[in-house]
Amino acid sequence: MSGVVVALDGPSGSGKSTVGRHLATTFHLACLDTGAMFRAVAWGCLADGVDLSDHAATERHARDLDITMGLDPDDARVWVREHDITTEIRTDRITTAVTEVATNLGVRAELKRRQRAIIEAERTGGYSGGHGILAEGRDITTVVAPDADVRILLVAGEEARLRRRALETLGRDDAEALEATRALVVTRDQRDSTVSQFLTPAEGVTPLDSSTLSLAETLEAATALVTAGL
Ligand code: C5P
């Protein structure tokens, strides 16, 4: 029997990492954070002195880069060569640089190839022992795994997403904190959405709007969607 594939997309601050980890743990799946792969390419290029605005050089570097993705939902580590970059890829420096990488179509093609290989391996064996995988990102439901068993687009209104990110990164959600967060959330999503469509659900993709839901309610609704889809 082949393992299951759950595809989960959404904009920044929609809560998809938390929801993804929860679903993977609940259904005994491996968990692939594809955003972390784009971040790893950005980290590797900056570490090796590659100019990210040179798209051909960045694409070449991405093809050769030794990236290892941990698939444990409770401890998703990321390595480039021997460097554990799990924490470093969350810094503003990488969050700002990653858009240049994500809008590079050559890099997208290379990462799509790697993501599909990981998903295929988890269907029959791999980290999950063949249970399957949850992959989360921006284009999993549409491009990377359009044939996934369950496809969910997690959405939330702009204010809710700003508030969550501000609390997560700055520990407060006053007006100043919201403004400081806006560039890293709204502007990034606008630029990202020029290369992948994740603001509205594609045909056959189930939307889940978490704007007015608590975290517990969101997790419950997402779990129900996966249960119904398997
Ligand atoms: O989800 P996260 O914020 O870590 O993603 C980092 C960046 O990677 C996003 O801003 C987006 O530019 C890019 N990305 C993407 N396609 C995906 C996942 C992430 O373009 N499937």
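Quickly run through the range 30-76 and pick out the residues that are surrounded by fewer than 18 Cβ atoms within 10 Å (Cβ to Cβ) and in a strand (DSSP E or B).
Residue satisfying the conditions is THR68 alone.
Could you check the range 167-216 and list, in sequence order, the residues that are surrounded by fewer than 13 Cβ atoms within 10 Å (Cβ to Cβ) and hydroxyl-bearing (Ser, Thr, Tyr)?
THR187, THR194, THR200, THR212, SER214
Which one of these does LEU134 not meet: (1) crowded, with 18+ Cβ neighbours inside 10 Å; (2) assigned to a loop (DSSP other than H, G, I, E, B)?
Evaluating LEU134 over (1) crowded, with 18+ Cβ neighbours inside 10 Å; (2) assigned to a loop (DSSP other than H, G, I, E, B) leaves (2) as the failure.
Quickly run through the range 62-101 and pick out the residues that are more than 19 Å from ARG191 (Cα to Cα), within 14 Å of the ligand (Cβ to nearest atom) and not β-branched (Val, Ile, Thr).
ALA62, MET69, ALA76, GLU88
Out of everything in the range 2-19 that is near the ligand (Cβ under 10 Å from one of its atoms) and in a helix (DSSP H, G or I), what residue ends up being surrounded by the most Cβ atoms within 10 Å (Cβ to Cβ)?
My answer is LYS16.
Does ARG165 satisfy the condition of being of a type outside the set (A, V, I, L, M, F, W, C) and within 13 Å of the ligand (Cβ to nearest atom)?
Spelling it out, ARG165 is indeed of a type outside the set (A, V, I, L, M, F, W, C) and within 13 Å of the ligand (Cβ to nearest atom).
Looking at the range 141-164, can you tell me whether even one residue there is basic (Lys, Arg), more than 24 Å from ARG21 (Cβ to Cβ) and part of a helix (DSSP H, G or I)?
No; the residues of the range 141-164 include none that is basic (Lys, Arg), more than 24 Å from ARG21 (Cβ to Cβ) and part of a helix (DSSP H, G or I).
Being away from the ligand (no atom under 14 Å from the Cβ) and under 15 Å from the mean Cα position of the chain (by Cα) is the filter here, so list the residues in the range 20-31 that pass it.
HIS22, LEU23, ALA24, ALA30, listed by residue number.
Of all residues in the range 164-180, how many are touching a helix residue (DSSP H, G or I) at 6+ places or on another chain (Cβ under 8 Å) and touching a residue at least 60 places away in the same chain (Cβ under 8 Å)?
Of the residues in the range 164-180, 1 are touching a helix residue (DSSP H, G or I) at 6+ places or on another chain (Cβ under 8 Å) and touching a residue at least 60 places away in the same chain (Cβ under 8 Å).
Filter the range 125-151 for residues that are among the hydrophobic types (A, V, I, L, M, F, W, C) and within 17 Å of VAL226 (Cβ to Cβ); which is nearest to the ligand (Cβ to nearest atom)?
ILE140
Can you name the condition, by its number, that SER128 falls short on among (1) in a strand (DSSP E or B); (2) more than 30 Å from ASP54 (Cβ to Cβ)?
(1)
Please determine whether any residue of the range 151-161 is of a type in the set (Gly, Ala, Ser) and under 16 Å from the mean Cα position of the chain (by Cα).
yes
Residue check, TRP79 against (1) over 25 Å from THR141 (Cα atoms); (2) outside any strand (DSSP E or B), all met but one. Which one?
In the conditions (1) over 25 Å from THR141 (Cα atoms); (2) outside any strand (DSSP E or B), TRP79 misses (2) alone.
Go through (1) among the β-branched types (Val, Ile, Thr); (2) crowded, with 18+ Cβ neighbours inside 10 Å; (3) modelled with pLDDT of 95 or more; (4) assigned to a helix (DSSP H, G or I) for THR25 and report which single condition fails.
Going through the list (1) among the β-branched types (Val, Ile, Thr); (2) crowded, with 18+ Cβ neighbours inside 10 Å; (3) modelled with pLDDT of 95 or more; (4) assigned to a helix (DSSP H, G or I), THR25 breaks only (2).
If you check THR124 against the conditions, is it under 20 Å from GLY137 (Cα atoms) and of a type in the set (Ser, Thr, Tyr)?
No; evaluated as a whole, the condition is false for this residue.
Here is a check on your reading of the model: is GLU59 of a type in the set (Asp, Glu) and within 13 Å of the ligand (Cβ to nearest atom)?
No: the conditions fail for GLU59.
The values are calculated or read from the model by the stated rules, or taken from the named source; none is laboratory data. Computed from a predicted structure; not experimentally measured. All Cβ positions, even for glycine, are placed from backbone atoms using ideal geometry, and neighbour counts span all protein chains on display.
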